[in-house]
Amino acid sequence: MKKDGLLETRLEETRVFAPNDAFRSRARIKNLSEYRRMYEESLSNPESFWGKIAGELHWFKKWDTVLDETNAPFFQWFVNGKTNISYNCLDRHLDSATRNKAAIIWEGEPGERRVLTYWDLAREVRKFANSLKSLGVKKGDRVAIYLPMIPELAVSVLACARIGAIHSVIFAGFSAESIRDRVLDCSCSLVITADGGWRRGNVLPLKKIVDEAISDCDCVKNVVVVKRASGDPFPCRVKEGRDHWYHRLIEEASSDCDAEPMDSEETLFLLYTSGTTGKPKGIIHTTGGYMVYTYLTTKYVFDIRPEDVFWCTADIGWITGHSYIVYGPLANGATVLMYEGAPDTPDKGRFWELIEKYGVTLFYTAPTAIRAFMKWGDRWPEKYDLSSLRLLGTVGEPINPEAWMWYHTTIGKERCPIVDTWWQTETGGIMITPLPGCVPTKPGSATLPFFGIDAAVLDDEGKETTAGFLAIRKPWPGMLRGIYGDAERFKETYWSKWPGVYFPGDGARKDSDGYFWILGRVDDVVNVAGHRIGTAELESAFVEHPAVAESAVIGIPHDLKGQALVAFCSLREGAEGTEDLLAELNDLIAKKIGKFARPEKIIFSSELPKTRSGKIMRRLLRDIATGRALGNVTTLADASVMERLKAQYEE
Ligand code: 7RM
């Protein structure tokens, strides 16, 4: 476990911002003592705490016990309960006025608008659920979804959930090879895609990428294609018998489709995420616990109200979109804004224009986006009326205090509480966060744990400390239940550092007020502009090139992206580090993983620094790439390598 550089204490931050009075006076939780009381109860009596919350949702059959720990770390929540999350996100709201309110307000990048009320969305989901059934999809089958940010993406996940099919959403920036790996890993029988999707004025040829991806995937029997890009400029080949237009299926489908009663612990979805090996992990989330946890976090962290317009700018291809565009807000009967495209198309004011146009009240985005907005200049947000905003949120990486202050001042006009929410794909929902009506915030701190979350900062031995590793000492309803097909890796990755304690892989500090300061990953995962990338995945891609002998990829701090990737590649005899090779390697990463994973820099060298036992010393590479004084080189097999590498890097 490397911790060099990452656990350095930040400059002591002394600014504290009390929750704004107007917000506090109508918030669900108005003072810290109330938060503390509920927090204590959630830990000391999880049965009654979570039982009460779960009771706010619909169950076909009530659970017997809230939590079963007998088979730890394979915890079970709401044991023997039967429910359906699509029912809770849709049908549950159809007997009240919520039926007629907007569930999803959608805007396409080119500017089209669609509004789906809860009634509309429920009808569309039922129809598409029937379409999936007509294509032979059954409970437990895996369905891959590779779609742009269009309403059909929300419809697809909800339709799968309705019939008990397991969805695996693949972010539309992933390459054909990444899709293939994910489709094969869990043998998906059906893929949902679109002819294209808009991004920065261009159409991404999604169907074409899927065709390439699944050409040799025998498991895929059917492909459903949403018509989004009007066939032009990417006419889309339709393979007879395998491919089906979404709109045709919907035309023919009945809108009667009961929600399948799902056992609490039956799988709801898989979501692949990067880890420390070359192979992405299929994170398993189940039905009952995930539903209760996303429902509750949405309710309290955003203090969401019926009249709110909630805009989470993430893509549904990532966990943030699953939990806070689809499941959490809809389980609360809220209105979400969904936007398809880029923040700088047609110009850098697009997000602020959307906020003004739709009267967005709750805005949830990533620090990397905030830093880009800062760089683009205040004149963009200043052109628009942002007075509808009442709360701001961030997620995805640590936020630097300057970006926090800019967000607070320029966007929140010093009026909106900021919730800096720490969580992961694995945690299902928000874990450490201020509650906006009662927790004073400090720029750069995610502050305090959410209800039921026993967070701590531990050292290697598992003793509490002020700077060390973040740890979660008790199970929580939204937790992952495993890694698809790899129970060993699940235990090893998350449960082996300390006995019975969950290890998230982040470094953290805890200050004298008990506030958490998340410092970033302490493993081989790099967070580039909010995208979680495993360095081992890049390394194994690089060595597939005949010119590359070995590769080591590291993350270094980056002003805009938070972290950037630097790749060191040692070349085989006779190969030369030419511009052409550089271009080939960049293309290789785009092809194997996706364009977003291309490194900032690729450094060629004849050798890499290694210990005498042959381990590449990434710590030393990080020293070179960040311009730090070279660390201890005494364990190197050949210390002169470092001098040569340093000189090359500086060149
Ligand atoms: C939701 C999401 C998870 C990793 C996590 C952290 C980092 C996320 C924060 C954060 C500091 C935050 N899921 N991270 N939120 N670091 N402060 N508020 O991002 O699986 O894609 O990434 O992201 O390192 O382990 S994720």
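The values are calculated or read from the model by the stated rules, or taken from the named source; none is laboratory data. Just so it is clear, the structure is predicted and the values come from calculations on it, not from any experiment. Every residue, glycine as well, gets a Cβ built from its backbone with ideal geometry; the counts of neighbours run over all protein chains shown. Each accessible area value is taken on the protein alone, full model and side chains, heavy atoms only, with ligands, DNA and RNA left out. Shrake-Rupley method; radii C 1.70, N 1.55, O 1.52, S 1.80 Å.
Some points to look at:
- Picking from residues in segment 387-416 that are open to solvent by 10 Å² or more (accessible area, probe 1.4 Å), assigned to a loop (DSSP other than H, G, I, E, B) and within 15 Å of the ligand (Cβ to nearest atom), the one that is nearest to VAL326 (Cα to Cα) is GLY396.
- Filter result for VAL439 (more than 25 Å from VAL525 (Cβ to Cβ), assigned to a loop (DSSP other than H, G, I, E, B) and more than 16 Å from the ligand (Cβ to nearest atom)): no
- Residue count for segment 263-302, restricted to those that are of a type in the set (A, V, I, L, M) and part of a helix (DSSP H, G or I): 4
- Unmet criterion (only one of (1) open to solvent by 10 Å² or more (accessible area, probe 1.4 Å); (2) without any contact (Cβ under 8 Å) to a residue 40 or more places away in the chain; (3) hydrophobic (A, V, I, L, M, F, W, C)) for LEU565: (1)
- Within segment 301-322, being surrounded by 21 or more Cβ atoms within 10 Å (Cβ to Cβ) and over 18 Å from the mean Cα position of the chain (by Cα) holds for ASP303, ILE304, ASP308.
- Tally, over segment 441-463, of residues that are touching a strand residue (DSSP E or B) at 6+ places or on another chain (Cβ under 6 Å) and either of a type outside the set (Val, Ile, Thr) or open to solvent by less than 10 Å² (accessible area, probe 1.4 Å) (or both): 9
- The listed residues are TRP495, TRP423, TRP517, and the only one of them that is of a type in the set (A, V, I, L, M, F, W, C), within 13 Å of the ligand (Cβ to nearest atom) and open to solvent by 10 Å² or more (accessible area, probe 1.4 Å) turns out to be TRP423.
- Among the candidates ALA487, ALA549, ALA541, residue that is more than 11 Å from the ligand (Cβ to nearest atom) and either under 28 Å from GLY562 (Cα atoms) or among the aromatic types (Phe, Trp, Tyr) (or both): ALA541
- Residue among VAL183, VAL225 that is without any contact (Cβ under 8 Å) to a residue 60 or more places away in the chain, touching a strand residue (DSSP E or B) at 6+ places or on another chain (Cβ under 9 Å) and either not hydrophobic (A, V, I, L, M, F, W, C) or not in a helix (DSSP H, G or I) (or both): VAL225
- Filtered residues of segment 575-597 (kept if open to solvent by 40 Å² or more (accessible area, probe 1.4 Å) and either within 22 Å of LYS646 (Cα to Cα) or at pLDDT below 90 (or both)): GLU576, GLY577, THR578, GLU579, LEU582
- Picking from residues in segment 499-514 that are small (Gly, Ala, Ser) and surrounded by fewer than 20 Cβ atoms within 10 Å (Cβ to Cβ), the one that is nearest to the ligand (Cβ to nearest atom) is GLY514.
- Odd one out for LEU519 among (1) more than 20 Å from the chain's Cα centre (by Cα); (2) within 24 Å of PRO401 (Cα to Cα): (1)
- Residues of segment 604-622 classified as open to solvent by less than 20 Å² (accessible area, probe 1.4 Å) and modelled with pLDDT of 85 or more, total: 4
- In segment 44-55 there is no residue matching the filter, namely being open to solvent by less than 70 Å² (accessible area, probe 1.4 Å), touching a residue at least 24 places away in the same chain (Cβ under 8 Å), closer than 30 Å to GLU353 by Cα and not in a loop (DSSP other than H, G, I, E, B).
- Any hit, segment 185-196, residues being open to solvent by 10 Å² or more (accessible area, probe 1.4 Å) and not charged (D, E, K, R): yes
- Reported count of residues in segment 522-547, each being among the polar types (S, T, N, Q) and either open to solvent by less than 20 Å² (accessible area, probe 1.4 Å) or part of a helix (DSSP H, G or I) (or both), is 2.
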